[in-house]
1. What tally of residues in the range 147-161 results from selecting those that are farther than 23 Å from residue 221 by Cβ and assigned to a helix (DSSP H, G or I)?
2. Residue check: is residue 129 at positive phi, assigned by TED's automatic domain parsing to the domain that holds residue 302 and free of Cβ contacts under 8 Å to residues at least 24 places away in the same chain?
3. Looking at 302, 306, can you tell me which residue is under 22 Å from the mean Cα position of the chain (by Cα) and under 22 Å from residue 171 (Cα atoms)?
4. Checking residue 175 against (1) under 23 Å from residue 95 (Cβ atoms); (2) crowded, with 18+ Cβ neighbours inside 10 Å, only one condition comes out false. Which one?
5. Consider the range 85-105. How many of its residues are within 20 Å of residue 176 (Cα to Cα), of a type outside the set (Val, Ile, Thr) and either assigned to a loop (DSSP other than H, G, I, E, B) or not assigned by TED's automatic domain parsing to the domain that holds residue 286 (or both)?
6. If the requirement is being polar (S, T, N, Q), out of contact with any Lys or Arg (no Cβ under 6 Å at 6 or more places or on another chain) and modelled with pLDDT of 95 or more, which of these qualifies: 295, 324, 277?
7. Given the options 193, 210, 198, name the one that is surrounded by 18 or more Cβ atoms within 10 Å (Cβ to Cβ) and either in a loop (DSSP other than H, G, I, E, B) or small (Gly, Ala, Ser) (or both).
8. Does any residue of the range 49-68 turn out to be of a type in the set (Gly, Ala, Ser) and at pLDDT below 95?
Amino acid sequence: MKNSHLIVLTACIAAAVLITLGFKATSNSPASQKGAEEINVYSARKAELILPLLDEFSQETGVKVNLVTGKDDALIKRLQVEGKGSPADVLITVDAGRLHRAKSVGLLQPVDSQKLNSLVPINLRDSENQWFGLSLRARPIFYVKGKVDPSELSSYESLTDSQWKGRICIRSSSNIYNQSLVGSMIESKGENATLTWAKGLVANFARPPAGGDTDQLKAAAAGVCDIAIANTYYFGRLLKSDDTESKNIASKLAIFWPNQEDRGTHVNVSGIGMTQSAKNEENAIKLMEFLVSESAQAWYGEKNNEYPIIEAGTIDPVLASWGSFKRDDLALTKLGENNRKAVELMDRAGWK
């Protein structure tokens, strides 16, 4: 009897710890299915943005999915703490910089999959196949209609021009999306040129960086600034929202694809990797391959407002309405490799 009380108490404590740390556990099939094949997923994507796909995977394969959601960096830290005893089979997170971080601290392992290698472009996956992109997002320039003539815009580099002084909104240097953007510029332009650019950009800020990407778009629409840099899916959410205010914000803005005359617009990914602790490796590979199927890729576009990672993927009509653009084809592993340099450089530039 005492032992049973101890088990219940331990379970309660574990649940409380998960709640405290902001993790949420979900299972898409009854726990009573003992002996059923399963896979344990740690996902930085909210349940509503991934669970429908996991449900479809379970229906197709009969593999039960146990999902734990949480913040990106918190999940990486959790995997580090759990070590080889972690129940996680795969990690889903956003930004190549974070995926590289998970790899660099020894949390992931190489995956041998002909399907993944053939469908995921080489620049959108790890050079040692420890992580693979699942969906694509761009980080272009957004401008206020009527206040900015798109003919005035050309590149990220041109935003240091004096004409943009006090007119640019962007989030803080602590944000991984900005770190990866700067990391891409370090690779393309070199550290000295990128430092000069970062200083010039900071000099043109309309306000000290504050809030997330949506906040930058809102600030531009409200007249705080005329230019905002943000990921495309945030704009897609505003356009598709049932909220009148969100639609009004989006209606005041337009996208400009920078650097179309040279390297292309900066892009990044959400991605997946198999953990070093994986005990269901075969099912992990099945899930990874499923998530780059045409149906899964189409769902990503529709629900997450992201571009498909595969060439044959269907682009959501809202995203298609923004027009095609030249993407920077930089190997995204470089974003992670240059992260430390990017953070230090942004600090030297005074980017708060």
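1. Within the range 147-161, residues that are farther than 23 Å from residue 221 by Cβ and assigned to a helix (DSSP H, G or I) number 2.
2. Values: at positive phi: yes; assigned by TED's automatic domain parsing to the domain that holds residue 302: yes; free of Cβ contacts under 8 Å to residues at least 24 places away in the same chain: yes.
So residue 129 fits the description; yes.
3. Of the residues listed, the single one that is under 22 Å from the mean Cα position of the chain (by Cα) and under 22 Å from residue 171 (Cα atoms) is 306.
4. (2)
5. If we filter the range 85-105 for residues that are within 20 Å of residue 176 (Cα to Cα), which is where we start, we get 91-105.
This time we only want the ones that are of a type outside the set (Val, Ile, Thr), so: 91, 95-104.
Checking which are either assigned to a loop (DSSP other than H, G, I, E, B) or not assigned by TED's automatic domain parsing to the domain that holds residue 286 (or both) leaves us with 95.
The number of residues fulfilling the criteria is 1.
6. On the way: 295 fails: modelled with pLDDT of 95 or more; 277 fails: out of contact with any Lys or Arg (no Cβ under 6 Å at 6 or more places or on another chain).
Only one candidate passes the filter, namely 324.
7. Working: 193 fails: surrounded by 18 or more Cβ atoms within 10 Å (Cβ to Cβ); 210 fails: surrounded by 18 or more Cβ atoms within 10 Å (Cβ to Cβ).
Just one listed residue meets the conditions, 198.
8. Going residue by residue through the range 49-68, those that are of a type in the set (Gly, Ala, Ser) are 58, 62.
Adding the requirement that they be at pLDDT below 95 leaves none.
No, there is no match, as no residue in the range 49-68 is of a type in the set (Gly, Ala, Ser) and at pLDDT below 95.
The values are calculated or read from the model by the stated rules, or taken from the named source; none is laboratory data. Just so it is clear, the model here is predicted, and its values are computed rather than measured. Don't worry about glycine lacking a Cβ; one is built from the backbone with ideal geometry, like all the others, and counts go over all protein chains shown.
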